[in-house]
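Some notes on the structure that comes next.
The values are calculated or read from the model by the stated rules, or taken from the named source; none is laboratory data. Since this is a predicted model, take the numbers as computed values, not measurements. With ideal geometry, Cβ positions are generated from the backbone for all residues, glycine too; neighbour counts draw on all protein chains shown.
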Amino acid sequence: MSRTFYVNGDFVPEADAKISVLDRGFLFADAVYEVSTVLDGKLIDNKAHLARLARSLGELKMAPPATDDAIVEAQHKLVELNGVDQGLLYLQVSRGEADRDFAFPSKPVSSLVMFTQTRKLTDSPAAERGIRIVSMPDQRWGRRDIKTVQLLAPSLAKQAAMEAGVDDAWMVEEGKVTEGTSNNAYIVTSDRTIQTRHLGNEILAGITRAAVLKFARESGFTIVEQAFTIEQAQAASEAFVTSASSFVMPVVEVDGIKIGDGVPGPVTQELRRIYIETARERQDL
Ligand code: PDD
């Protein structure tokens, strides 16, 4: 069955989902995006995703393409039209179509595109065995807190990781891990202590990160928000990543060195279980 896409107010078959070659998202990566989880046909933490979208738009002085209510209505319709039970909903806003010029158009009209991917998220073979990571220099720009579609550097890093025979990359700047190619990175340093990089311009403030840290605190874990090195990760008892698409995903090897016993550890498994359980109760829109 062909998917239905949302393009600037219309629900259209995939083959007809098109925007202009003069769209600034295509010419300048002048666009931002969000990825929301769909579980049991419902959007998870969508309010937080839309709040981050509003922040990204504000930081780039880009006009919102529609009201939140209109976006949410379209999101629900798209999930329903595509019959998504588990998967992802991608939403992209660009500064729209204008003749090519580095300066913004005088009267920009933002474009809004949405599509879904059906994917099994809860029963994941990767989560059962854990993923292997290599480190790479972080070659991205200085405002990674804005969720832009400038994804070439992380895409190259992910491709290089896969060509190296592993699953993903952690990016390193000034000797410290920033984050994964499309996720936030964590280590478990000693009994019930979790360390992850502090928020700032260097990383994306993950919606999953906020939820997982909240549950971790409520479950009695100590949270240290401080950047760590690859060596610290290799010496940790566990490591994991979080994102809307992977939830809490164990990392079992970093640059060829096994983490702990080289299998998903109990803290990571507990957090993944709590995250999925509570996500089902957090359908907020
Ligand atoms: N990626 N850091 C980066 C660089 C990301 O691209 C993402 C999300 C995250 C985690 O954010 P969240 O918990 O809000 O999903 C951290 C999405 C899933 C993607 O691009 O597919």
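Which is away from the ligand (no atom under 11 Å from the Cβ), under 27 Å from Asp138 (Cα atoms) and outside any loop (DSSP other than H, G, I, E, B), of Glu277, Glu253?
After ruling out the rest, the residue left standing is Glu253.
Of all strands (runs of 3 or more DSSP E) completely enclosed by region 151-248, which ones contain at least 2 residues that are within 13 Å of the ligand (Cβ to nearest atom)?
Result: 168-173, 176-180, 184-190, 238-243.
Inspect all residues belonging to region 171-184 and state whether any of them is surrounded by 22 or more Cβ atoms within 10 Å (Cβ to Cβ) and basic (Lys, Arg).
No, every residue in region 171-184 fails to be surrounded by 22 or more Cβ atoms within 10 Å (Cβ to Cβ) and basic (Lys, Arg).
Considering (1) of a type in the set (D, E, K, R); (2) touching a Leu at 6+ places or on another chain (Cβ under 7 Å); (3) under 18 Å from Asn46 (Cβ atoms); (4) touching a residue at least 40 places away in the same chain (Cβ under 8 Å), say which one Arg100 fails and leave the rest.
The single condition Arg100 does not satisfy is (3).
Is it the case that region 73-82 has a residue that's outside the structural domain of Val149 (by TED's automatic domain parsing) and assigned to a loop (DSSP other than H, G, I, E, B)?
The initial filter retains those residues of region 73-82 that are outside the structural domain of Val149 (by TED's automatic domain parsing), namely 73-82.
This time we only want the ones that are assigned to a loop (DSSP other than H, G, I, E, B), so: 82.
Within region 73-82 (the criterion being outside the structural domain of Val149 (by TED's automatic domain parsing) and assigned to a loop (DSSP other than H, G, I, E, B)), the answer is yes, since at least one residue qualifies.
Between a residue in region 32-45 that is touching a residue at least 24 places away in the same chain (Cβ under 8 Å) and farther than 10 Å from Gly87 by Cβ and any residue that is among the polar types (S, T, N, Q) and more than 14 Å from the ligand (Cβ to nearest atom), which pairs come within a Cβ distance under 6 Å, given they are 6 or more apart or on different chains?
Lys42/Gln283
Being closer than 25 Å to Ala210 by Cβ and either touching a residue at least 60 places away in the same chain (Cβ under 8 Å) or part of a loop (DSSP other than H, G, I, E, B) (or both) is the filter here, so list the residues in region 256-268 that pass it.
Selection gives Ile259, Pro264, Gly265, Val267, Thr268.
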